[in-house]
1. Of the residues Ala209, Ala251, which single one is open to solvent by 20 Å² or more (accessible area, probe 1.4 Å), modelled with pLDDT under 95 and assigned to a helix (DSSP H, G or I)?
2. For the list (1) open to solvent by less than 40 Å² (accessible area, probe 1.4 Å); (2) in contact (Cβ under 8 Å) with a residue 40 or more places away in the chain; (3) in the same structural domain as His97 (by the TED database), I need the number of the one condition that Trp403 fails.
3. Being within 30 Å of Gly32 (Cβ to Cβ) and under 25 Å from the mean Cα position of the chain (by Cα) is true for just one of Val299, Val279. Which residue is that?
4. Within the stretch 84-102, is even one residue away from ligand 1 (no atom under 16 Å from the Cβ), under 22 Å from Ser44 (Cα atoms) and at pLDDT 95 or above?
5. Looking only at the stretch 281-305, which residues are in contact with a Gly (Cβ under 9 Å, 6 or more places away or on another chain) and under 16 Å from Ile7 (Cα atoms)?
6. Among the residues of the stretch 330-343, write down those that are surrounded by fewer than 24 Cβ atoms within 10 Å (Cβ to Cβ) and part of a loop (DSSP other than H, G, I, E, B).
7. Can you tell me which residue is farthest from Asp9 (Cα to Cα) among those in the stretch 81-113 that are within 15 Å of ligand 2 (Cβ to nearest atom) and open to solvent by 10 Å² or more (accessible area, probe 1.4 Å)?
8. Taking the stretch 353-362 as the region of interest, how many residues are in contact with a Pro (Cβ under 9 Å, 6 or more places away or on another chain) and either more than 16 Å from ligand 2 (Cβ to nearest atom) or outside any loop (DSSP other than H, G, I, E, B) (or both)?
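The values are calculated or read from the model by the stated rules, or taken from the named source; none is laboratory data. Computed from a prediction, not measured in an experiment: that's the story for all the values here. Cβ placement follows ideal geometry from the backbone for every residue including glycine, while neighbour counts extend to all protein chains displayed. Side chains are part of the model used for accessible areas, which takes the heavy atoms of the whole protein and leaves out ligands, DNA and RNA. Shrake-Rupley method; radii C 1.70, N 1.55, O 1.52, S 1.80 Å.
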Amino acid sequence: MSADAEIADAVERLRPELERLARELYDEPEIGFEEHASVARIASLLAAHGVDVEVGAFGLDTALRASTAAAGAASGPHFAIIAEYDALPGIGHACGHNVIAAVAVGAYLAAAPVVAGLGGRLSLIGTPAEENGGGKELIIRAGGFDDVDAAGMVHPSSGSGTSSVLGQRTTGVRRVAVTYHGRAAHAAGAPWLGRNALDGVVTAYQSIAQLRQHILPTDRLHGIITDGGAAPNIVPERASALFYVRSADVAALRELTDRVVAVLEGAALATGTRAEIDVDPVPPYLPLQTNTALTSRWVDAFAARGHEVPPPAEPPQGGPSTDMGNVSRLVPSIHPSLGLGGPDDVFPHNAAFADLTVLPAATDALVDAAAALAATAVAYAADPELRAAAAAEFAASGGPSRWAD
Ligand SMILES: [Zn+2]
Ligand SMILES: [Zn+2]
């Protein structure tokens with residue numbers, strides 16, 4: 001049997017289990033670093049297929065690793081399939097990471113025997129807290145990608161097409177947390193004794209809105225107030241906010257963060273409070289760098305499953321971020337988007353998107369995506385020209401880099 005037929009056969013047999021996995025994660029969504037039941041479900045599905053799984057890998061309770069060869073025991077080309085399974089607070093799997101997990105498990109189970117037969121290595125790396133914790137960067141720092149040569153995952157999106165497949169770009173993101181410290185006072189009895197920490201936050205929020213007029217079209221700035229005081233009749237002694245600073249370019253991201261920090265300090269000066277600023281409470285996410293040589297294998301395999309893959313659209317400016325960006329700057333990587341067949345205006349991070357992930361169209365899409373991702377991993381093991389093309393493209397864009405470089 002050809003590798004393609006073997007993969008097609010495998011994903012078809014796995015279909016009910018992958019559908020169930022996506023549904024079970026949807027039914028019990030868990031936010032970043034708390035994905036205990038989710039990772040246990042993934043591990044038990046893998047174990048049922050005879051896979052040796054490590055939960056709690058890389059020093060993270062909800063990280064997972066499975067590999068066709070123990071690390072260092074083999075020297076063939078090493079492709080890592082990446083899984084995510086964290087949900088969003090309050091709106092469940094509105095980013096579709098339940099689908100990402102099902103695609104990754106399906107791709108790993110379908111590709112592992114083929115890759116092993118070719119003398120290559122395949123790993124499944126389960127990465128916690130994509131939404132809020134930078135699990136992939138933590139795994140990078142723990143050495144989890146040290147012997148990985150290339151990596152891939154698939155992320156669901158709205159719409160039926162896969163239009164952003166080759167042109168997909170994300171911004172890098174840094175978080176900036178700020179707490180203003182003022183002085184409490186009776187808000188009516190002796191307001192002159194107070195220094196209002198909430199005024200620090202509000203001034204900062206307004207000033208960032210003004211800063212937003214003078215940033216690049218590829219930058220994004222947004223935030224929320226996380227603590228606005230305890231009661232109206234107490235001048236808030238303490239108030240906090242969390243801002244996200246995004247840019248499509250690493251150098252611009254650093255510069256914009258400095259401008260944000262200056263605004264936060266200015267708000268303290270204006271309100272007679274003190275700003276306690278925490279830059280990067282979680283690791284920065286780098287802008288995604290798609291490897292087009294590898295992605296074109298994904299496109300071919302996905303098209304072969306009966307999908308029309310439109311030519312790459314002009315990438316939108318700005319946009320969301322992913323910690324897969326950090327992996328993509330360490331090794332050649334793919335992160336194609338996968339339309340789930342819903343209306344175009346149901347975008348991730350809206351609760352309606354979570355509901356799309358368990359409809360029959362989503363199951364069809366995820367099974368095809370698993371097959372295409374498996375085919376990409378197999379091609380990486382089988383085709384030295386593909387490996388060379390991927391490596392040359394990666395080197396031409398600057399080679400491996402980390403945030404700390
Ligand atoms: Zn998301
Ligand atoms: Zn996501």
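1. Being open to solvent by 20 Å² or more (accessible area, probe 1.4 Å), modelled with pLDDT under 95 and assigned to a helix (DSSP H, G or I) holds for just one of Ala209, Ala251, which is Ala251.
2. Failing condition for Trp403: (3).
3. Val279
4. There is at least one residue in the stretch 84-102 that is away from ligand 1 (no atom under 16 Å from the Cβ), under 22 Å from Ser44 (Cα atoms) and at pLDDT 95 or above.
5. Of everything in the stretch 281-305, just one residue is in contact with a Gly (Cβ under 9 Å, 6 or more places away or on another chain) and under 16 Å from Ile7 (Cα atoms), namely Trp298.
6. Answer for the stretch 330-343, where residues must be surrounded by fewer than 24 Cβ atoms within 10 Å (Cβ to Cβ) and part of a loop (DSSP other than H, G, I, E, B): Leu330, Val331, Gly341, Gly342, Pro343.
7. Pro89
8. Summing the residues that are in contact with a Pro (Cβ under 9 Å, 6 or more places away or on another chain) and either more than 16 Å from ligand 2 (Cβ to nearest atom) or outside any loop (DSSP other than H, G, I, E, B) (or both) in the stretch 353-362 gives 4.
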